[in-house]
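Reviewing the structure listed below.
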Amino acid sequence: MTSVDRLAVIGTGLIGTSIAAAASRVGCDVFGWDPDPQVAQIASERSGMRAEPTLVKACEGADMVIVCAPLGEMAASVVAALAAAPAAVVTDVGSVKAHVMDEVGALVEGSQMARFVGGHPMGGSERSGPEHASAALVDGIVWVITPSGQTAPTTVDTLEAFVTRIGAQPVRMDPARHDRLVAVVSHLPQIAATTLMGIAATEEADEPQILLLAAGGFRDLTRLAASNPKLWSEILLANREAILQAIDMYSAELSNLRAMIDTARADEVEQAFATAKEARLTLAAKPQVRSGVAVFQVPIPDRPGALAELTSALAAGQVNIEDLQIVHSSEGGRGMVHLTVSAASADPAAETLSARGFDPTRLA
């Protein structure tokens with residue numbers, strides 16, 4: 001297993017820049033490259049990463065290379081990274097694994113495949129770009145690791161150790177199983193949000209006030225519809241077999257619920273909602289985060305100066321902010337902030353915010 005002291009990040013959008021920031025936070029020397037020099041510069045300012053003019057230069061001397069390219073360019077970028085960093089572990093962050101790993105396997109020799117392991121950090125946002133990046137984005141997230149039959153055990157061990165070091169939770173998984181599961185819990189929600197928003201937009205043509213009636217539930221449910229269209233088109237087509245199966249399951253469940261409502265089977269409708277509620281409540285409420293910190297979720301009103309009031313309150317209470325991220329769009333009259341402070345400051349932070357009229361919820 002290799003200790004990752006020098007990290008290269010190829011592609012400095014939201015995920016790449018967030019990983020760079022998390023790695024810088026734990027003492028790694030981070031170098032990065034992006035096809036757009038302006039994007040790389042923003043990423044550098046946000047993360048402590050050093051922007052390099054070429055992919056080859058960024059990979060020079062790297063212990064690990066993390067490829068954060070668009071899905072359609074992922075395999076070619078991985079191949080380039082393997083060539084540019086002949087001693088490094090190389091991984092990617094694509095949200096479809098079997099497709100990428102098959103493409104890479106068709107382009108490189110087995111000796112190079114020994115240094116490549118697929119990965120998927122299960123964090124992100126409907127927002128994109130380095131300006132929205134934060135080290136907190138990787139805190140506690142599941143980071144799926146999908147080795148192939150040719151991946152060397154030391155390659156997997158090195159990635160797992162790095163993922164743990166920056167505050168995420170590594171989980172090994174077969175690539176095809178990963179694709180089947182994320183089709184249900186990640187890709188299908190995107191489809192549902194996009195479809196629901198499309199229906200509302202169509203209805204707006206005849207009922208222009210329909211979106212005025214959209215309360216928090218509708219806004220929460222359709223938040224993903226604001227995601228990058230090109231990115232999601234690539235993801236869905238790359239994972240289309242699993243996606244189609246997920247859509248069919250969803251359609252069948254909708255049809256079953258429709259039949260219950262149509263025939264006024266009140267007990268069955270109630271039971272369907274009760275079953276879903278019980279399942280929802282079993283979802284993990286507390287993320288795993290790096291030791292020594294506390295994370296709060298704080299709703300803030302959607303008005304000028306609200307965020308400044310929060311930070312000023314903490315400053316007045318002598319509480320230092322380790323990290324701050326707006327993780328929920330400012331829609332429906334409020335926004336949502338994830339606030340990271342030292343564990344020793346957790347109680348003073350909660351007391352200070354509550355005294356100033358905020359309602360902090362400690363997540364970890």
Inset, instruction - Obtain the nm distance between the two label points defined at residue 265 and residue 241 by a simple spin-label model: each point lies 7 Å from its Cα along the Cα-to-C-beta direction. - result: 3.4
Legend entry - Part-to-part distance (alpha-carbon centres) for the range 334-364 and the range 185-207, which is given in Å: 34
Legend entry - Furthest towards positive pole of dipole, 110, 74, 211, structure part the chain, Cβ charges: 110
Inset, instruction - Please give the solvent-accessible surface of residue 340 in Å², to the nearest 10, using a probe radius of 1.4 Å with every protein chain present. - result: 0
Inset, instruction - Over the chain, average the accessible area per residue using a 1.4 Å probe and give it in Å², no decimals. - result: 50
Legend entry - Separation of the residue 297 and residue 196 label points, Cα + 7 Å toward Cβ, nm: 1.6
Inset, instruction - Only bridges with both residues in the chain count here: give the DSSP antiparallel percent, nearest 5. - result: 50
Legend entry - Within the chain: Cβ-based charge dipole about Cα centre, in debye rounded to nearest 20 (Lys, Arg +1; Asp, Glu -1): 640
Legend entry - Candidates 317, 119, 129: whichever shows maximal mean-square fluctuation once the chain is modelled as a Gaussian network with Cα springs under 10 Å: 317
Inset, instruction - Compute the FRET efficiency between residue 321 and residue 38 as 1/(1 + (r/R0)^6), taking r as their Cβ-Cβ distance and R0 = 30 Å, and round to the nearest 0.05. - result: 0.60
Legend entry - Sites residue 309 and residue 171 - FRET efficiency at Förster radius 45 Å, r taken between beta-carbons, to 0.05: 0.70
Legend entry - Dipole magnitude of the range 65-166, debye to nearest 20 (Cβ charges: Lys/Arg +1, Asp/Glu -1, about Cα centre): 120
Legend entry - the chain, helix-only ellipticity at 222 nm - DSSP H runs n ≥ 4, -39,500 (n - 2.57), divided by all residues, nearest 500: -14500 deg cm²/dmol
Inset, instruction - Can you tell me which of 79-89, 59-69 comes out highest on packing, and rank the rest after it, using the mean Cβ neighbours within 10 Å? - result: 59-69, 79-89
Legend entry - Charge dipole of the chain about the Cα centre (unit charges at C-beta), most positive-ward option of 192, 243, 141: 141
Legend entry - Accessible-area composition of the range 44-101, carbon plus sulfur, in percent [1.4 Å probe]: 54
Inset, instruction - With all protein chains present, calculate the accessible area of residue 101 using a 1.4 Å probe and round the result to the nearest 10 Å². - result: 10
Legend entry - GNM result for the chain, Cα springs below 10 Å: residue of 108, 144, 163 fluctuating most strongly: 108
Legend entry - Gaussian network model of the chain, Cα within-10 Å springs - most flexible of 50, 258, 219: 258
Inset, instruction - Using a 1.4 Å probe and ignoring any ligands, DNA or RNA, find the accessible area of residue 73 and quote it in Å² to the nearest 10. - result: 100
Legend entry - Portion, in percent, of the accessible area of the range 160-248 that falls on carbon or sulfur, probe 1.4 Å: 60
Legend entry - Counting DSSP beta bridges with both ends in the range 13-166, the antiparallel % (nearest 5): 35
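The values are calculated or read from the model by the stated rules, or taken from the named source; none is laboratory data. The structure displayed is predicted, hence computed values, not measured ones. Positions of Cβ are backbone-derived with ideal geometry, glycine not excepted, and every protein chain shown enters the neighbour counts. Accessible surface is based on the protein model in full, side chains and every heavy atom, while ligands, DNA and RNA are left aside. Shrake-Rupley method; radii C 1.70, N 1.55, O 1.52, S 1.80 Å.
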